[in-house]
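A.B. asks: The following block contains the structure, expressed as structure tokens.
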Amino acid sequence: FASLTYLLSIKLSDKKSEILPFFILLPYAFFSLSKIGTLRVYMMYLLRYFNKHHFKNKFTHIELVSLLALFFIMLDYHLVYQETFYIGFLLSITLPFVNNAFSFLTPKKKKFVIPLMIYILLLPYTIKRSYQFKLLTFPITSLLILPNLVFLILSIISTIIPLYGIVNDYGNVIVWILKKLESINISIPISDLGGTFSLLFYLLLFIGIYYLEAYRTKHSKIVIIGLISLILLAIVPFQDPIVNAVYFINVGQGDSILIKNRTHSVMIDTGGYKGCDMAKDTLIPFMHKNKITHIDALILTHDDFDHSGAKDSLINNFKVHTILNSKEQFPYKIGDLSLVNLNTLSTSDDNDNSLVISLNFMKKKWLFMGDASTKVENYLIEQGYDVDCDVLKIGHHGSKTSTSEKFLKASTPDTAIISVGASNYYHHPNAEVIDLLNKYHIKIRRTDKEGTISYLSLIT
């Protein structure tokens, strides 16, 4: 909007140069109806125009932002549960104050400082998404400001003049450059900072902005030093008090289990979802959050996508030493972990070829069933395998093809873990399985209800 207004103001009056971008960008807004961020910017521009030219600036900036926020909530109250909703309006409220605070700078310096302040404002949110402090994010973003602006202008012009081929080729070049720059991933892992960090961060940041706006540079320097110290404190790799853990990671409709024994870690399955990169979006951020720097062994129970779909991405983007995907590779021992595969059955059914992993750890017996069906359960019992356990990872996400009454009697678990996606297409877990678990007073824990399920052992 600002760029178009500036270009139009060269030949037109202020009023015309401010209203024309609204109509020029109308097609773009129409095709972005599902994107709250785009609509927020578009409607905010419109409100500012009417406030200036029709209401004689009767409303303050904060009042306009508040009215727009209430309008969006009235349209869809679910927005109050979205972090991005708050982040967008936080930027809308804060940026005018930031602009005033740095009014003593030259326009050229402002062009650098304002994007830097946006980056700093978003820092707690971006860290929480990846649990990494990415050192090149701001330089890369700064380099792409001008190319992105050119792309936007070309896109607008293409609505009048057919430049689709040029716009497409130019866009592909930007994407190629972005991928190359993103591949240079220089980052520092950061554990979960919690709400206290964000609260202190924004408190110091806003006090600093206030002091800058009030020309109290001495005080602002002290606050900036405090802010930098807070960030450095978050980066310091304090010893993790959790020495042993078993995590049933919430990967939606799929399985992924992470076992941590001091400095060793073993993952059973990766999950997989075609709508996103499960490794980059879920698994790797989770491990950064919990200060896990590598995986000693990745166990793939079988080849179903919801168990192994994120394998390639995980291997390409995280340190994985060993992959175990066949029965001949067991038992596997590392540290205090001794993992045994109980399923030696060989069939044409991929689910029934699933590895069934048994583990004694943290004073509990664990049994991870993969997608094994009742056929495998009966085989284990008939062969005399020790299936007794304290915690049973239910087979096949609670499908009725697994978890027979006979098997529950033999395994006698105290707790049953069901790794399953919310409102999934398969209607897992099956009501019959739930009824059986309740019949034997087995505690049921589900990733679709609780999210990631954690069992932890602390250093005493």
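The values are calculated or read from the model by the stated rules, or taken from the named source; none is laboratory data. Just so we're clear, the structure is a prediction, and the values are computed from it rather than from any experiment. Because the Cβ atoms are built from the backbone with ideal geometry, glycine has one as well, and the counts that use them run over all protein chains shown. Each accessible area value is taken on the protein alone, full model and side chains, heavy atoms only, with ligands, DNA and RNA left out. Shrake-Rupley method; radii C 1.70, N 1.55, O 1.52, S 1.80 Å.
A.B. asks: How many lysine pairs are close in the stretch 313-376, with Cα atoms under 23 Å apart and the two 8 or more places apart or on different chains? Provide the component values of the computation, followed by the final result.
C.D. replies: Values: LYS319/LYS333; LYS327/LYS365; LYS327/LYS375; LYS333/LYS363; LYS333/LYS364; LYS333/LYS365; LYS365/LYS375.
Going through the stretch 313-376 pair by pair, I get 7.
A.B. asks: If r is the Cβ-Cβ distance from ASN378 to LYS449 and R0 is 30 Å, what FRET efficiency results, to the nearest 0.05?
C.D. replies: Numbers: r = 29 Å, r/R0 = 0.98.
Efficiency, from the Cβ-Cβ distance: 0.55.
A.B. asks: Evaluate the relative contact order of the stretch 321-392 (contact order divided by residue number), counting alpha-carbon pairs under 8 angstrom at least 6 apart; express in whole percent. Mind showing how you got there, number by number?
C.D. replies: Details: 104 pairs, mean separation 17.2, N = 72.
Value for the stretch 321-392: 24 percent.
A.B. asks: Okay, moving on. For the stretch 265-313, what's the relative contact order in percent, using C-alpha pairs closer than 8 Å and at least 6 residues apart? Before the final figure, lay out the partial values.
C.D. replies: On the way: 64 pairs, mean separation 29.5, N = 49.
Relative contact order of the stretch 265-313: 60 percent.
A.B. asks: Still on this structure: May I ask for the Rg/Rh ratio of the stretch 273-373, computed from Cα atoms with Rh as the Kirkwood radius, given to two decimals?
C.D. replies: Over the Cα atoms of the stretch 273-373, Rg/Rh equals 0.97.
A.B. asks: What size of dipole, in debye to the nearest 20, comes out for the stretch 312-460 about its Cα centre when the only charges are +1 on Lys and Arg C-beta atoms and -1 on Asp and Glu C-beta atoms?
C.D. replies: Details: 16 positive and 18 negative charges, 91 e Å.
For the stretch 312-460, the charge dipole is close to 440 debye.
A.B. asks: A follow-up question, please. Obtain the nm distance between the two label points defined at PHE151 and HIS54 by a simple spin-label model: each point lies 7 Å from its Cα along the Cα-to-C-beta direction.
C.D. replies: 3.4
A.B. asks: Rank ASP414, ASP350 by accessible area, highest first, at a 1.4 Å probe radius?
C.D. replies: Ranked list, largest accessible area first: ASP414, ASP350.
A.B. asks: Determine the gain in length on full extension of the stretch MET74-CYS276; use 0.36 nm per residue of separation and subtract their C-alpha separation, reporting nm with one decimal.
C.D. replies: Details: separation 202, 0.36 × 202 = 72.72 nm, distance 2.99 nm.
Here the answer is 69.7 nm.
A.B. asks: Next up: Antiparallel as a % of all DSSP beta bridges within the chain, to the nearest 5? Please list the in-between numbers first.
C.D. replies: On the way: 29 of 46 bridges.
Roughly 65 percent of the DSSP beta bridges within the chain come out antiparallel.
A.B. asks: Taking the Cα centre of the stretch 335-412 as the origin, how large is its charge dipole in debye, to the nearest 20, when only Lys and Arg (+1) and Asp and Glu (-1) carry charge on their Cβ atoms?
C.D. replies: Details: 8 positive and 11 negative charges, 55 e Å.
The calculation lands at about 260 debye.
A.B. asks: Determine the order of THR301, THR452 by accessible area, beginning with the largest, at a probe radius of 1.4 Å.
C.D. replies: On the way: THR301 5, THR452 50 Å².
Result of the area sort, largest leading: THR452, THR301.
A.B. asks: Let me ask another. Can you give me the span-like helices of the chain, meaning DSSP H runs with 15 Å or more of Cα extent along the axis and Kyte-Doolittle mean at or above 1.6? Let's see the in-between values first.
C.D. replies: Working: long enough: 14-24 (16 Å, 0.11); 36-53 (25 Å, 0.12); 61-75 (22 Å, 2.27); 83-101 (26 Å, 0.99); 107-121 (21 Å, 0.66); 137-158 (30 Å, 2.03); 164-183 (28 Å, 0.34); 194-213 (29 Å, 1.50); 217-235 (27 Å, 1.82).
Counting only whole DSSP H runs, the qualifying helices are 61-75, 137-158, 217-235.
A.B. asks: Quick one, can you get me the convex hull of the C-alpha atoms of the stretch 130-202 expressed as volume per residue in Å³? It would help to have the intermediate numbers written out before the result.
C.D. replies: On the way: hull volume 8.8 nm³, N = 73.
So the per-residue hull volume is 121 Å³.
A.B. asks: Right, here's the next one. Excluding residues on the same chain fewer than 8 positions from LYS56, give the lysines whose Cα lies under 17 Å from its Cα.
C.D. replies: Hits, sequence-local ones excluded: LYS15, LYS16.
A.B. asks: Over the chain, what relative contact order in percent results from Cα pairs under 8 Å that are six or more residues apart?
C.D. replies: On the way: 653 pairs, mean separation 46.2, N = 460.
Relative contact order for the chain comes out at 10 percent.
A.B. asks: Okay, moving on. Students often forget the sequence filter, so: which aspartates and glutamates lie under 17 Å Cα-Cα from LYS179 once same-chain residues fewer than 8 apart are removed?
C.D. replies: ASP169, ASP277, ASP281
A.B. asks: With all protein chains present, calculate the accessible area of GLU382 using a 1.4 Å probe and round the result to the nearest 10 Å².
C.D. replies: Solvent-accessible area, nearest 10 Å²: 130 Å².
A.B. asks: Heavy atoms of the protein only, probe of 1.4 Å, neighbouring chains included. What is the accessible area of MET43 in Å², nearest 10?
C.D. replies: 50
A.B. asks: About its Cα centre, what dipole magnitude does the chain give when the only charges are +1 on Lys and Arg Cβ and -1 on Asp and Glu Cβ, stated in debye to the nearest 20? Kindly include the intermediate steps, with their values, before the conclusion.
C.D. replies: Working: 44 positive and 36 negative charges, 536 e Å.
The calculated dipole for the chain is roughly 2580 debye.
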